[in-house]
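Presented below is the structure to which this report refers.
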Amino acid sequence: MGARGRSWAESADLEALLRNALADASVAWSLGSFGAFAEFMREADEPVRALPDARIGLATARGAIALTPSADLRPVAYETGFSDGYNHAVALCLPLSACAMSRRSVVTELGPDREAAREEDREAILFDLGLGLLAVDACVRTGDPEVIACLRAGIGRPIFAPGNPIGPCLVARSPHRILCARIGRIEVTAPIPGPGERRHEGPHTHILPELLRAGRTHAATTPIPEGFVPCGGLHPPHPYKDGLGRRIPFDPARHAAFQALMERWGDPDLLAVKRGMAPSKAVSPKHARSARRAAEIQARLLRGEHGAALTGGGDEDGERT
């Protein structure tokens, strides 16, 4: 059913999906585009704060998520199988016609961040990094006068332009990183890991110039419906790997929980392919192959073949683990 024709029951299901996932500390969230995204996650015992407004979300000392779902928002549950494992997620998509953000191509000062998830951050200054992405604005926020001065020195230039001082400043001073889309925002207030430091499990951001150059909104292996763009996603706990992609014993309950999401929010034609049935319409050969791979791996795991060659990584398109 099209977004404009969503029933009351479907809207209630969508809100329940978001609220239940937010209440579950084992669910991770992402927001962004191919090559620039933020992830929000929290520990089960980590203190949380409600948002000071009507948005759906929460805040911790390390980050925040604030969602503004609209009638156009479409969840898409999917699995991507590859040679020695599979990933899963629920993409949060908007129609191509409704997803566009500012698409600024140079660093731009936006003024105080009045939409900050925490009231104490609403006087800090927000800067758009000017990545020119379709469905997301990648920003930083700071109240530090020295960092503000550094960011202002780069205004009007592309962030990756030779001589722009912003890049080294971001790593050294670690301002808040904010990824904004029509569906909401993720804020990362945890420090950026220094040179040689490994990222810890928790809120973090990635800006990867080599992927940005591809100009795509998502990995080619992600089965997003035609005419829609993924702006974010929720990532329920995986049956055989932890939040850092490390192998853990197969958990049948986690598997069953995600299969229920596939039934409610997945593509019926890819589900048919996965079950060895004929789809009602043609599907991408790449996505069909991926669905069959996921089915094969899951069947082996359910048979107790836990020694199968499984990894925690993504596929060749750089998909999130």
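The values are calculated or read from the model by the stated rules, or taken from the named source; none is laboratory data. Worth saying up front: this structure is predicted, and the values here are computed from it rather than measured. Cβ sites come from the backbone with ideal geometry, for glycine too, and all protein chains shown count toward neighbours. Calculation scope for accessible area: heavy atoms of the full protein, side chains included, ligands and nucleic acids excluded. Shrake-Rupley method; radii C 1.70, N 1.55, O 1.52, S 1.80 Å.
Amide H to amide H distances under 5 Å link Lys241 with Ile248, where only residues 5 or more positions off or on other chains count and H is placed in the peptide plane. Distances between placed amide hydrogens fall under 5 Å for Ala124 paired with Asp113, all partners being 5 or more residues away or on another chain. Placing Thr108, Thr222 in order of accessible area, with the largest value first and a 1.4 Å probe, yields Thr108, Thr222. Note on the chain: with charges restricted to the Cβ of Lys and Arg (+1) and Asp and Glu (-1), its dipole about the Cα centre is near 660 debye. Can you tell me the orientation of helix 252-265 relative to the chain, as the angle in degrees between its alpha-carbon axis and the longest Cα principal axis, to the nearest 10? On a 0 to 90 degree scale, this one is about 80. Rounded to the nearest 10 degrees, the inclination of helix 285-302 to the longest alpha-carbon principal axis of the chain is 70 degrees. Computed across the chain, the Kirkwood radius stands at 20.5 Å (inverse of mean 1/r, all Cα pairs).
Considering only protein heavy atoms and a probe of 1.4 Å, how much of the accessible area of region 129-174 is carbon and sulfur, as a whole percent?
On region 129-174, the fraction of accessible area on carbon and sulfur atoms equals 63 percent.
Rank by packing, highest mean first: peptides 234-245, 125-136, with packing defined as the count of other Cβ atoms within 10 Å averaged across residues. Kindly include the intermediate steps, with their values, before the conclusion.
Details: 234-245: 19.0, 125-136: 23.4.
Order by mean packing, descending: 125-136, 234-245.
For Arg62, Arg152, give me the order by solvent-accessible area with a 1.4 Å probe, most accessible first, ignoring ligands, DNA and RNA. Provide the component values of the computation, followed by the final result.
Details: Arg62 65, Arg152 120 Å².
Per-residue accessible area, sorted high to low, gives Arg152, Arg62.
A Gaussian network model of the chain, with springs between Cα atoms under 10 Å, assigns the largest mean-square fluctuation among Pro69, Pro285, Pro249 to Pro285. Select from Leu94, Ala278, Ala54 the residue farthest towards the positive end of the dipole of the chain; place +1 on Cβ of Lys and Arg, -1 on Cβ of Asp and Glu, and compute about the Cα centre. The one lying farthest along the dipole's positive direction is Ala278.
Accessible area per residue was computed with a 1.4 Å probe on protein heavy atoms; Met101 scores about 40 Å².
Which value in deg cm²/dmol, rounded to the nearest 500, describes the helix-derived mean residue ellipticity at 222 nm for the chain, given -39,500 (n - 2.57) per DSSP H run of n ≥ 4 and division by the residue count? Could the numbers behind the result be given before it?
On the way: 7 runs with 76 residues, N = 321.
Only helices count here, giving -7000 deg cm²/dmol.
Close amide-amide hydrogen proximity is noted between Cys93 and Arg74, Val76, Cys231, each under 5 Å apart and 5 or more residues distant or on a separate chain (H modeled in the peptide plane; Pro and chain starts excluded). The accessible area of Asp251, taken with all protein chains in place and a 1.4 Å probe, comes to roughly 50 Å². For region 123-252, a crude dipole built from +1 on the beta carbon of Lys and Arg and -1 on the beta carbon of Asp and Glu, taken about the Cα centre, is about 220 debye to the nearest 20.
Relative contact order for region 51-171: 18 percent, from Cα pairs under 8 Å spaced at least 6 residues apart, divided by residue count. Compute the angle between helix 8-23 and the longest alpha-carbon principal axis of the chain, please, reported from 0 to 90 degrees and rounded to the nearest 10. So the inclination is approximately 70 degrees. Across the chain, C-alpha contacts under 8 Å between residues 6 or more apart give a mean separation that, scaled by the residue count, equals a relative contact order of 23 percent.
One equal scatterer on each Cα of region 90-243, no solvent, Debye formula: the resulting log10 I(q)/I(0) at q = 0.20, 0.21 Å⁻¹ is -1.44, -1.52.
By the beta carbon rule, with partners counted only under 4.7 Å, the chain holds these lone Cys residues: Cys93, Cys99, Cys139, Cys180, Cys231.
When Arg177, Arg293, Arg213 are compared by accessible area of protein heavy atoms, the largest-first order is Arg213, Arg293, Arg177, using a 1.4 Å probe. The phi torsions of region 177-182, fed into the Karplus equation with coefficients 6.51, -1.76 and 1.60 and a -60° offset, translate into couplings of 9, 10, 10, 10, 9, 5 Hz, rounded to whole numbers, with Gly and Pro shown as x. A dipole drawn for the chain from +1 and -1 charges on Cβ atoms has a positive end, and of Val76, Asn20, Leu126 the residue lying farthest that way is Val76. Residue by residue, region 138-146 carries 3J(HN,Hα) couplings of 9, 10, 10, 9, 7, x, 7, x, 5 Hz when phi is fed to the Karplus relation 6.51 cos²θ - 1.76 cosθ + 1.60 (θ = phi - 60°); x denotes Gly or Pro.
Taking the charge dipole of the chain about its Cα centre, with +1 at Lys and Arg Cβ atoms and -1 at Asp and Glu Cβ atoms, the residue from Pro203, Gly215, Pro191 reaching farthest to the positive side is Gly215.
Basic side chains Lys and Arg get +1 at the Cβ, acidic Asp and Glu get -1 at the Cβ, and with that the dipole of region 33-173 about its Cα centre reaches some 400 debye.
Note on region 32-128: along the principal axes its Cα atoms extend 48, 40, 28 Å, ordered by decreasing extent.
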